[in-house]
Amino acid sequence: MFKKTVLDNGVRILSESANYLNSLSLGIWVDAGSRDETLEENGVSHFIEHMVFKGTRNRSALQIAKELDAIGGLSNAFTGKENTCFHARVLGKHFCTLSDILSDLFLNPIFDLADIEREREVILQEISMVEDTPDENVHVLFNRHFWRDHPIGMPILGTGKSILAIKRDHLFSYRARHYSPDRVLIVAAGNVDHEKLVSFFRPLFEPLEPNGHIHQRQTPNCYTGVSVYTKELEQVHICIGGEAPSLRSPERFACGVFNTILGGNMSSRLFQEIRENRGLAYSVFSFLSAYLDTGMLGIYVATDKDKVNHVLDTLKKEVRKMLSGGITEDDLSFAREHLIGGIYLAADNTDNRMMRIAKNEMVYGRYISYEELVAELNKVTLNDVIKAGRKVFLDNGISMTALGPIGEEEIDKGCIEFS
């Protein structure tokens, strides 16, 4: 059963009880992420995420680790483009201990200077690791190209230059601006009692005062064209994409079905034609990145240098087939059932439930049942799917980023013209 309580200062406490489960997942969320950073402070959200585990006014980093381990806690945190979350999963009987630890992390970080310097080196190593992992790095480069000159295109981790420039004052300043109570959510799912959740967190979080900061986000523009990063690698890694529906667009369901048929699973058009039938790539898939006010449908593929244009031409032909009506009712039915299965299978995990509740609250301001979601998917028609695909690949143009042992002049740019 879903319940919601809003404290006087705007902090929202949400829960979905499932007392037949042994575990509970608890998360403290902030409706702020890397898109809320300036260019100069790029990476500060992620830096803060790291630093809260390095010590509070009540616990050292070692004490935090030991106390979480002592209750069998699976703890983590993540920073996204639009939100940040500190969360853990434990047995229901450890609710009070976990709540005390997470509250302390969130409310009382000290950002010790020595710890900041040590963690700076850790984050620089994390950035280097991504740069040395081309199938990850090409997505970072593609986002920067696709949403250039906008914070949503900046890397969540920041850059080497920006991380070196971040000081202790930047951490406190960003936190003071964006960790306002009206942007804080406390969310639990699983073996949890809502009244107990509220009674624990109310005295800790209700004293927080709104900071008066006006939260504004500018909608980004999407850019077309080709960007090539020449690097000595075994393969060329490629991302291609176009503008897609936002999280709030009613067209997101049809676009999700299109994505599934195109490259979302092993029976998809791209996987079958590029990998299974032609053996041109080991890894090929399509993906959706959706945000509050924009979105992107992309394709990733990695292949040998001498096969790049063959792969791009094959990819174009498969997309064109779909855009010209080469999708059947069976394709629609299979894709829809694949998505519905994923929705209900994810519901068996309390972490997934907790995250779903939080994101629905931040995006839509309300709880959305699984049945409502499935009903929207069942409304999608073949015409809706084709129309969604045509909007992505025909209406606004396509962007492409390549990383590997290739120059821009070696790429047949006609292969990314889908009209």
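Annotations for the structure displayed:
- Full extension of the chain between Glu410 and Asp348 gives 17.5 nm of extra length, using 0.36 nm per residue less the Cα-Cα distance.
- Square roots of five times the Cα gyration tensor eigenvalues for the range 10-166, Å: 30, 19, 15
- 5 angstrom amide H check on Tyr229, placed H, neighbours 5+ away: Ala402, Leu403, Gly404
- Rounded to 5, percent antiparallel among DSSP beta bridges of the range 225-416: 75 percent
- Around Ala88: net Lys/Arg minus Asp/Glu count, Cβ-Cβ under 12 Å: -3
- Principal axes of the chain: Cα extent on each, largest first, Å: 61, 47, 39
- Look at where the Cα atoms of the range 28-48 and of the range 343-383 average out, and the two centres are 26 Å apart.
- Positive minus negative residues near Tyr174 (Lys, Arg vs Asp, Glu; Cβ under 12 Å): -2
- Reachable lysines from Lys196, criterion Cα separation under 28 angstrom, eight or more residues apart if same chain: Lys3, Lys4, Lys66, Lys93, Lys359
- Relative counts (whole %) of C-alpha pair distances in the range 221-353, using bins that are 10 Å wide: 11, 37, 36, 15, 2
- Value in Å of the Kirkwood radius, where the range 153-231 supplies the Cα pairs that are averaged: 17.3 Å
- 11 Å beta-carbon shell around Trp29, net charge (K/R +1, D/E -1): 0
- Counting every other Cβ atom within 10 Å of each residue's Cβ, Phe47, Phe334 order from fewest to most as Phe334, Phe47.
- Descending Cα extents along the principal axes, the range 240-311, whole Å: 40, 23, 14
- Among Phe285, Phe253, Phe200, residue whose mean-square fluctuation peaks in a GNM of the chain (springs only between Cα atoms under 10 Å): Phe200
- Panel order for Ile368, Ile156, by other beta carbons found within 10 Å of each beta carbon, from fewest to most: Ile368, Ile156.
- Ascending count of other beta-carbon atoms within 10 Å, so fewest first, for Glu131, Glu40: Glu40, Glu131
- Percent RCO, i.e. relative contact order, over the range 21-92, from Cα pairs under 8 Å lying at least 6 residues apart: 50 percent
Laboratory data are not the source of any read-out in this text; all were calculated from the coordinates shown. Only a predicted model underlies this, so the values are computations on that prediction, with no experimental measurement involved. With ideal geometry, Cβ positions are generated from the backbone for all residues, glycine too; neighbour counts draw on all protein chains shown.
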